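As structure tokens, the structure follows; a few thoughts come after it.
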Amino acid sequence: MHTVEHVGLGRYGDTMDPEGDVKAIRELRRVVAPGGTLLLVVPLGETAWVRFNADRIYSYEMIVSLFPDFDLGEFAMILEDPAQGGIIRHAGPVASRGQRAGCGCFWFVRKTSNPQR
């Protein structure tokens, strides 16, 4: 939870690497067994962007595209302004509309056939 968005930005003494988060996600995909699950929580907005030396904000589409060998079991969105309703369970991609940096909660399940490593 809330780790991959920091990888490669140098904030915690790591080496600057624009692809650090994608490399970390590749490793997460690699270690999950077929049929296994992965819970991923990242900052999520309507559009992807980077807060310099802090974190990356992802779009829903970007995260889903980084897990082609997984099915999305569930997606929940925690809106950045609690007055907007807090958490939306069983949300869809539209839940991130209007969000600059909410919280996307993804439950992925690794496909059991034709794994892409």
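Every number here is computed from the coordinates shown, using simple stated rules; none is lab data. This one's a predicted model, so the numbers in the text were calculated from it and none came from an experiment. Reconstructed Cβ throughout: ideal geometry from the backbone, glycine too, with neighbour counts over all protein chains shown.
State whether one or more residues within region 4-15 are under 13 Å from the mean Cα position of the chain (by Cα), surrounded by 12 or more Cβ atoms within 10 Å (Cβ to Cβ) and within 30 Å of Ser113 (Cβ to Cβ).
Checked region 4-15: at least one residue is under 13 Å from the mean Cα position of the chain (by Cα), surrounded by 12 or more Cβ atoms within 10 Å (Cβ to Cβ) and within 30 Å of Ser113 (Cβ to Cβ).
Being surrounded by 13 or more Cβ atoms within 10 Å (Cβ to Cβ) and more than 15 Å from the chain's Cα centre (by Cα) narrows it down to one of Ile78, Ile57, Ile63, Ile88, so name that one.
The match here is Ile88.
Of the residues Phe70, Phe75, Phe52, which single one is hydrophobic (A, V, I, L, M, F, W, C) and out of contact with any strand residue (DSSP E or B) (no Cβ under 8 Å at 6 or more places or on another chain)?
Phe52
Quick one: which of Ala54, Ala95, Ala91, Ala83 is among the small types (Gly, Ala, Ser) and closer than 19 Å to Thr3 by Cβ?
Result: Ala54 is the single residue among Ala54, Ala95, Ala91, Ala83 that is among the small types (Gly, Ala, Ser) and closer than 19 Å to Thr3 by Cβ.
Could you tell me whether Arg26 is surrounded by 12 or more Cβ atoms within 10 Å (Cβ to Cβ), basic (Lys, Arg), out of contact with any Phe, Trp or Tyr (no Cβ under 6 Å at 6 or more places or on another chain) and at negative phi?
yes
Of everything in region 14-35, what is without any contact (Cβ under 8 Å) to a residue 24 or more places away in the chain and charged (D, E, K, R)? Give them in sequence order. Lay out the reasoning, then the answer.
Going through region 14-35, the residues without any contact (Cβ under 8 Å) to a residue 24 or more places away in the chain turn out to be 14-20, 23-24, 26-27, 31.
Residues satisfying the conditions are Asp14, Asp17, Glu19, Lys23, Arg26, Glu27.
Residues of region 36-91 being in contact (Cβ under 8 Å) with a residue 24 or more places away in the chain, over 26 Å from Leu9 (Cα atoms) and part of a loop (DSSP other than H, G, I, E, B), which ones?
If the condition is that a residue be in contact (Cβ under 8 Å) with a residue 24 or more places away in the chain, over 26 Å from Leu9 (Cα atoms) and part of a loop (DSSP other than H, G, I, E, B), then Gly36, Asp69 are the ones that fit.
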